[in-house]
Amino acid sequence: MSSIDRSQSVGGTRTYEVRTYGCQMNVHDSERLAGLLEDAGYVRAPEGADAADVVVFNTCAVRENADNKLYGNLGHLAPKKAARPGMQIAVGGCLAQKDRDTIVKKAPWVDVVFGTHNIGKLPVLLERARVQEEAQVEIAESLEAFPSTLPTRRESAYAAWVSISVGCNNTCTFCIVPALRGKEKDRRPGDILAEIEALVAEGVSEITLLGQNVNAYGSDIGDREAFSKLLRACGKIEGLERVRFTSPHPRDFTDDVIAAMAETPNVMPQLHMPLQSGSDTVLKAMRRSYRQERYLGIIEKVRAAIPHAAISTDIIVGFPGETDEDFEQTLHVVREARFAQAFTFQYSKRPGTPAAEMDGQIPKKVVQERYERLVALQEEISWEENKKQVGRTLELMVAEGEGRKDDSTHRLSGRAPDNRLVHFTKPDQEVRPGDVVTVEITYAAPHHLLAEGPVLDVRRTRAGDAWEKRNAEKAGTPAQPAGVLLGLPKIGVPEPLPVAASGCGCD
Ligand code: SF4
């Protein structure tokens, strides 16, 4: 280790930084990458530090200019690395899984390239690259270890992602995920529930079940109702206040799931269900295997069973071949569905996807015009739906870092059960992120609510205690240095996937 330049190290320990791009899957994987590095003795680089000793890019491959963004960032780091020989750069995630050794050909100052199936290998590959002074490119074709078996450093003390499956069995023509994350693999229900119980024991009170296609959960373990059973099982975990999940696929959204949502008190009245398009012709071209009628039918059933449910969605505008009539169908579904929120995207070609080769690519000007019409319509609906919240009394889980203006407005922020963001008047009594407050909604804006009156009740929770404990630790304890041995998998490398194991944040 003597040759390493320790200029950025903290207390003699090498620092790391993980830069995350893309979907919740990547956000969750980045918590594992941070956990792996801390397990191997690295410490997180202080906020705002120049460049850490190890910079890890966890990349996304969904957007057209994802490549340009990565190589641009790598270009920025080149002179910094040239000035600090001990610095290392690693690239992982979907773009690494796709581009492999092309990355070190285009950016030879990169030390490690790893894929979506072997994130557990990062510490060993960094050590190997350091000792052999040679770039290490290691891409696995299938999952080596379920990410949830790896050490983790969670971003939040009171809310957590819990991965229930990886990969996807669908073949949507605009999507590269199946090619990069493989076929769906489900975790055993017992492993998932054990992880949730362990999290609740640490003080976590809100979990989000994560899968590319969260409600297809069970297809790999031969139980079509496994997802609704999992939701109901979460309802029996003492101390678990809030359960959310993302993302479901309309094709697999069955009545047993709606019933489980409606009948399990800690499953929140919130649903994010990607529509992508309202036109049956376009849905067929996207290979989304449901049509407008089924989609609106699910919305109707959810609203009948859970009247206050907030429903959000993803919509792509300008898919190849989309006509004005097709687009009108999308607007029609948006008017009918009354989404609380919609993540709207202009179609962009993704090399390697069938849609990229399709005829009828839409001119940018037309896509932009349609996009603006959709955003304007959805903005109106979001606001109208938010206005219906005025006068309601809601329990909020106090959130950390969700109110940009909180300090100047003497407010705090929290999330309602339906995940709406609420800014509320700071009470005299101390409240911490993770605690629960009861407020009355007094004003609605398009993308947030206000509770300008006094807080009606404050409930201090174990989640708030966990947040306070973590903050005290952050303020106090120095880091513990430790070494990594070259290629001896037992140290710092996770056990292989349990034998018996036997979710699409598409954008
Ligand atoms: S869009 Fe979602 S459901 Fe479709 S292939 Fe991609 S990850 Fe799977």
**OP:** Would you kindly state how much longer the chain becomes between T409 and Y71 on full extension, computed as 0.36 nm times their sequence separation minus their alpha carbon distance, in nm to one decimal?
**Re:** 117.7 nm
Original post:
How many percent of Cα pairs in the chain exceed 28 Å?
Top reply: 58 percent
Subject >> Cα-based Rg and Dmax for segment 90-173, where Dmax is the largest Cα-Cα distance (Å) >> reply: 14.7, 43
Original post:
Once Rh for segment 202-246 is found with the Kirkwood sum over Cα pairs, what is the Stokes-Einstein diffusion coefficient at 37 °C and 0.692 mPa s, in µm²/s?
Top reply: 291 µm²/s
Original post:
Say R0 is 41 Å: what FRET efficiency, to the nearest 0.05, do K80 and A179 get from their beta-carbon distance?
Top reply: 0.80
Subject >> Cα-based Rg and Dmax for segment 37-196, where Dmax is the largest Cα-Cα distance (Å) >> reply: 16.6, 49
**OP:** Would you tell me the accessible area of Y21, worked out with a 1.4 angstrom probe on the heavy atoms of the protein chains, in Å² to the nearest 10?
**Re:** 60 Å²
Original post:
Applying the Karplus parametrisation 6.51 cos²θ - 1.76 cosθ + 1.60 with θ = phi - 60° to the phi angles of segment 162-174, what ³J(HN,Hα) value in whole Hz is obtained for each residue in order, glycine and proline being reported as x?
Top reply: 10, 6, 10, 7, 10, x, 8, 8, 7, 9, 4, 6, 9
Original post:
Ratio of segment 366-459's C-alpha Rg to 2.2 N^0.38 Å, to two decimals?
Top reply: 1.21
Original post:
Hey, if you drop one equal point scatterer on each alpha-carbon of segment 31-106 and run the Debye formula without solvent, what base-10 log of I(q)/I(0) do you get at q = 0.22, 0.23 Å⁻¹?
Top reply: -1.16, -1.22
Original post:
Accessible area per residue of segment 3-138 at 1.4 Å probe, in Å²?
Top reply: 36 Å²
**OP:** Run through all the Cα pairs of segment 154-387 and give the fraction in each 10 Å bin from 0, expressed as whole percent.
**Re:** 8, 30, 34, 22, 6, 0
Original post:
In whole Å and largest first, what semi-axes does the C-alpha gyration tensor of segment 216-309 yield when each eigenvalue is scaled by 5 and square-rooted?
Top reply: 25, 16, 10
Original post:
Over all directions, what mean area does the Cα convex hull of segment 315-411 project, stated in square nanometres?
Top reply: 9.6 nm²
Subject >> Listed residue pairs exceeding 26 Å between alpha carbons, taken from K106/K284; K185/K229; K284/K349 >> reply: K106/K284
Original post:
How many Å² of accessible area per residue for segment 144-261, probe 1.4 Å?
Top reply: 32 Å²
**OP:** For segment 159-281, just run the numbers: alpha carbon Rg, then divide by 2.2 N^0.38 Å, N being how many residues it has.
**Re:** 1.06
Original post:
Expressed in nm to one decimal, what extension gain is obtained for the pair K426 and A305 from 0.36 nm per residue of sequence separation less their Cα-Cα distance?
Top reply: 40.1 nm
Original post:
Can you give the accessible area per residue of segment 327-425, in Å², using a 1.4 Å probe?
Top reply: 52 Å²
Subject >> Amide N proximity, segment 185-204 versus A472 label position 7 Å along Cα-to-Cβ, cut-off under 15 Å >> reply: 203
Original post:
For the chain, which whole-number percentage of the solvent-accessible area (1.4 Å probe, protein heavy atoms only) is attributable to carbon and sulfur atoms?
Top reply: 53 percent
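The values are calculated or read from the model by the stated rules, or taken from the named source; none is laboratory data. Note that the structure is predicted; figures quoted are calculated from it, not measured. So basically every Cβ, Gly included, is an ideal-geometry build from the backbone, and we count neighbours across all protein chains shown. Calculation scope for accessible area: heavy atoms of the full protein, side chains included, ligands and nucleic acids excluded. Shrake-Rupley method; radii C 1.70, N 1.55, O 1.52, S 1.80 Å.
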